[in-house]
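Below you'll find the structure, written out as structure tokens, and then a few comments.
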Amino acid sequence: MNAPFSTAARSRTVEWDLRGQEVRAHDDVFRLVILALPGFSQLSLASFVDPLRLANSVSGRPFFQWTVASLDGEPVVSASGLGLIVSGDFIRVGQSVQAGKSPNMVIVCAGERVERQTSASLVSVLRICRRQAVPIAALGTATWLLAESGMLENATCTIHWDKRAALAETFASLRVTDKLFVRDSHLVTCAGEFASFDLVMQLITEHLGKETALAVCRHTTAGHWRSASDRQVDADEARLCKPLAEVIDIMEDHIEDPLPLRDIAKCVGRSPRQIERLFARSLSSSPMRYYLQLRLVRAKQLIEQTELPVVEIAIACGFASASHFSKCFRQAFGANPTAYRS
């Protein structure tokens, strides 16, 4: 598997802005263009960009340089309501890449309401970058935009856990994992939020060395950074004992085809009674009640984030019939699936 951080040409004698104007000369820089969508996660973006600034400070030179573009060239507002000044628009980015003034990497940053944010200009610049072999990294929910633009093409990818079920059901050919980030040829997908920090620390390590990365890590008081293969862990799972976490992992991997408790017990080398005691002590629930809740939460995500028919959602969440699904959903959330969606 290729390493996207290293595929684009690095040493350039001329730097260009998004309008194609020559700015300044550098012998060795790594240039990034950030495509920011309205409602983008400021946490995702800051977790990626600020370590680059610190790496420049530690190394004593402006090795990493970045510019920001929005859809229309106007300031773009994050999900937290703070505005971001930009240097150009998506069309100019595409024109710059076509003219041979390619950045070393393009970063796409989006937020919660990503499903309706694919645009002709975004698709165009992404495809131009792919043709020119410019690595593309999607932070958080921006993986959805790559999928909708036809960029992933049966690839293994990741996305923030809240969108994982919707992405997997909407784009059935994708292999959606719960890893922090996935590097596949010229594409990088990242779960976003604090996982953006883990991704950028890998970038800093590869280009400026581990000592610089460790210095950046010390400055941020992070202590360490995680590897790409680490899983996205929710708050509940982080506080659970290992055997219980393993059981929940199995349940989450078998939402569509729920396993009986005896089969789950065999997978973890424990008896059904031992698992029941674990759930009672740690979660005040029976294993199968907890399993049902996992499936219903997944169904709720699909109802909120996709336009899939209710019958398909029922099947995707392991319910034998739409009527049984509707009854369980109503008991959990106070309305049947159709009423909840409307």
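The values are calculated or read from the model by the stated rules, or taken from the named source; none is laboratory data. As the structure is a prediction and not an experimental result, all values here were calculated from the model. Using ideal geometry, Cβ is built from the backbone for each residue, glycine included, and neighbour counts are taken over all protein chains shown.
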Scope the range 123-146; condition surrounded by fewer than 24 Cβ atoms within 10 Å (Cβ to Cβ) and under 11 Å from Gly94 (Cβ atoms); matching residues: Val123, Ser124, Arg127, Ile128, Arg131, Gln132, Val134
For the range 150-220, please list each of the helices (runs of 4 or more DSSP H) lying entirely inside it that holds at least 2 residues being under 24 Å from Ser119 (Cα atoms) and among the small types (Gly, Ala, Ser). 161-170
Val106 fails exactly one of the following numbered conditions: (1) part of a loop (DSSP other than H, G, I, E, B); (2) closer than 26 Å to Thr170 by Cβ; (3) touching a residue at least 40 places away in the same chain (Cβ under 8 Å). What is the number of that condition? (1)
Do we have Val86 as in a loop (DSSP other than H, G, I, E, B), under 20 Å from Val200 (Cα atoms), touching a strand residue (DSSP E or B) at 6+ places or on another chain (Cβ under 8 Å) and not polar (S, T, N, Q) here? no
Can you tell me which residue is farthest from Asp249 (Cα to Cα) among those in the range 175-199 that are in contact with a Lys or Arg (Cβ under 9 Å, 6 or more places away or on another chain) and of a type outside the set (A, V, I, L, M, F, W, C)? His186
Do we find that Ser57 is modelled with pLDDT of 50 or more, of a type in the set (Gly, Ala, Ser) and surrounded by 20 or more Cβ atoms within 10 Å (Cβ to Cβ) in this structure? no
I'd like to know if the range 241-258 contains one or more residues that are of a type in the set (Lys, Arg) and either touching a residue at least 24 places away in the same chain (Cβ under 8 Å) or in a loop (DSSP other than H, G, I, E, B) (or both). no
Kindly evaluate Thr189 against the criterion of being within 13 Å of the chain's Cα centre (by Cα) and either in contact (Cβ under 8 Å) with a residue 12 or more places away in the chain or surrounded by fewer than 19 Cβ atoms within 10 Å (Cβ to Cβ) (or both). yes
